[in-house]
Amino acid sequence: MNGISKLALKESQIMKIHYITGILALFVVAVHILMRLVVPYSSSLEYAHVIANYHNIFYAILLESILVLISIHGFNGVRVILLELRQSKIWENSVTITTIIAMIVLVSYGTRTIILANGLGL
Amino acid sequence: MRELDNMTVKSDKKAGCDPRDDSFDLKKTTLRVFRTNTAQGKDSHFDSLVVPVQRWTTVLDSLLYAKSYLDSSIGIRYSCRMASCGSCGMKINGIPRLACYTKISELEDPVVVCEPLPNFPVIRDLVTDFTQFFNHHKSINPYIQNLNYDKTEKIDEVSSSHSHRQSREEVDKYLQFSYCIKCGLCYSACPTVATDTKFPGPQALAQLYRYYADSRDAGKNRLNIVDDRHGLWRCHFAGSCSKVCPKGVDPALGIQLLRSYMLGISKDKRNV
Ligand code: SF4
Ligand code: FES
């Protein structure tokens, strides 16, 4: 437990990461939405177009960064909301650990999907 | 002497201020006072009391009238009657205010509802327990920390004379925050305090800024006290603290300035 608490970030460091990921997520999501508009919107969602996006390595990196940034920002947001509900060490540690695990699971699963769709995993 | 008395009454009448004058315009208002006694486990209820009011009657005046002539058991806390001691805070018509600083005429409501301050445990009627609030205040070390005061050797011209002179600009950096009278109105208006009892609240955080921005202070560790899960970062910036402060302090601004330091955005303590 001592080792873990040494690793723990200060709240100001966590919030720095929270704000930075929020700002970067705005940027990458904006690029992602603009890419829907370079062709007619409905055809941008067609199967072939979506797969073509995944096969483009730059677009795959963009999707991966959206996944990572939104996950970090979102799960920390959920953690902050849950922390306010109760004030006890057990609750606080459980909330922090659960949100970190949920974030890792989501990012891993999403990354696996991106890799598979990109074709690297085949 | 008799002549002098007559003169005084006469001049009062002329100004229309003498309550003994029948023609004097004395209105009445209804006070709805929250009543409870937690020690005796009594159910809470509201008592309605009709009190006379004049243009300048404050809520505290009318509560004291009710206590003197209608029901002596009403529990109120007050002291200075001039918005200086911070002890008469209560929720008046839904908003945390100082009873001695709120005129009934400015409420523009025929019924004045007095309740204890939210976010504070109630002791009796309108009297609340400030223990937790003061503990938060104490936790930020609300005093100037400067070891140079204790040293005898000459460090520089200022500290050797034991007088820490400040320029007008240096004073301006914290002055408005030093007007806080610890009345707890901001604490009672804060939505984060309502859900998170470990959150220091706007008053303590604004005071932390007050000492942090003071050029005489060298207590750099203060920021670490509030850099935790329930500290500075839990403010949602609702701004209700600044809205209710009777002394013109802007605790929300203090909190945002503290944040900008901690994020490294601001290095210079701005004039506020
Ligand atoms: S900041 Fe204002 S409202 Fe808050 S305790 Fe101080 S004087 Fe009262
Ligand atoms: S009685 Fe002192 S502030 Fe109201």
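Going toward the positive end of the dipole of region A:2-118, with +1 on Lys and Arg Cβ and -1 on Asp and Glu Cβ, which of A:37, A:101, A:9 do you reach last?
A:9
May I ask for log10 I(q)/I(0) of the protein assembly as shown at q = 0.08, 0.09, 0.14 Å⁻¹, from a Debye sum over the Cα atoms as equal point scatterers with solvent left out?
With one equal scatterer per Cα and no solvent, log10 I(q)/I(0) is -0.66, -0.77, -1.20.
What does the charge dipole of chain A about its Cα centre add up to, to the nearest 20 debye, if the Cβ of each Lys and Arg holds +1 and the Cβ of each Asp and Glu holds -1?
Roughly 320 debye, rounded to the nearest 20.
Starting from the 7 Å offset along Cα-to-Cβ, what nm value, one decimal, do you get for the label separation of residue B:215 and residue A:104?
5.1 nm
Taking the highest mean first, how do the peptides B:229-236, B:204-211, A:24-31, B:135-142 order by number of other beta carbon atoms within 10 angstrom per residue?
B:204-211, B:229-236, B:135-142, A:24-31
With a 1.4 Å probe and all protein chains left in place, how much of the accessible area of region A:2-118 comes from carbon and sulfur atoms, in whole percent? Present the calculation step by step, with values, prior to reporting the outcome.
Numbers: 5720 of 7400 Å².
That fraction is 77 percent.
Report, by chain and number, residues whose modeled amide H sits under 5 Å from the one on residue B:29, excluding near sequence neighbours (fewer than 5 apart, same chain).
B:51, B:53
If you take the square roots of the eigenvalues of the alpha-carbon gyration tensor of region B:162-246 and sort them as a ≥ b ≥ c, do you get rounded (a/c under 1.5), prolate (a/b over b/c) or oblate?
Here region B:162-246 falls in the oblate category.
Short version: which residues of region A:85-122 lose at least 30 Å² of accessible area, all chains versus chain alone, 1.4 Å probe?
Checking the loss per residue gives A:87, A:92.
Got the relative contact order for region A:2-118 handy, in percent, Cα pairs under 8 Å and 6 or more residues apart?
32 percent
Between residue B:82 and residue A:36, what's the calculated FRET efficiency when r is the beta-carbon distance and R0 is 56 Å? Round to 0.05.
Once the sixth-power term is evaluated, E becomes 0.30.
What are the residues of region A:11-29 that lose 10 Å² or more of accessible area, with a 1.4 Å probe, going from their chain alone to all protein chains?
Hits at the 10 Å² cut-off: A:11, A:12, A:15, A:16, A:19.
Would you mind getting the accessible area per residue of the protein assembly as shown, heavy atoms of the protein chains only, 1.4 Å probe, in Å²?
I get 57 Å² per residue for this part.
Counting only other chains, and only Cβ atoms inside 10 Å, what mean value do you get across the residues of B:223-233? Mind dumping the intermediate values first?
Details: counts 1, 2, 0, 2, 5, 4, 12, 5, 3, 3, 8.
Mean inter-chain Cβ contacts per residue within 10 Å come to 4.
Could you name every residue in region B:168-201 that has 40 Å² or more less accessible surface in the full protein assembly than in its own chain alone (probe 1.4 Å, ligands and nucleic acids excluded)?
Residues meeting the cut-off: B:195, B:198.
Am I reading the A/B interface right? What is its buried accessible area, both sides, 1.4 Å probe, to the nearest 100 Å²?
Chains A and B together bury roughly 1500 Å² of accessible area.
The values are calculated or read from the model by the stated rules, or taken from the named source; none is laboratory data. What you see is a predicted model; the values in this text were computed from it and never measured. With ideal geometry, Cβ positions are generated from the backbone for all residues, glycine too; neighbour counts draw on all protein chains shown. Accessible surface is based on the protein model in full, side chains and every heavy atom, while ligands, DNA and RNA are left aside. Shrake-Rupley method; radii C 1.70, N 1.55, O 1.52, S 1.80 Å.
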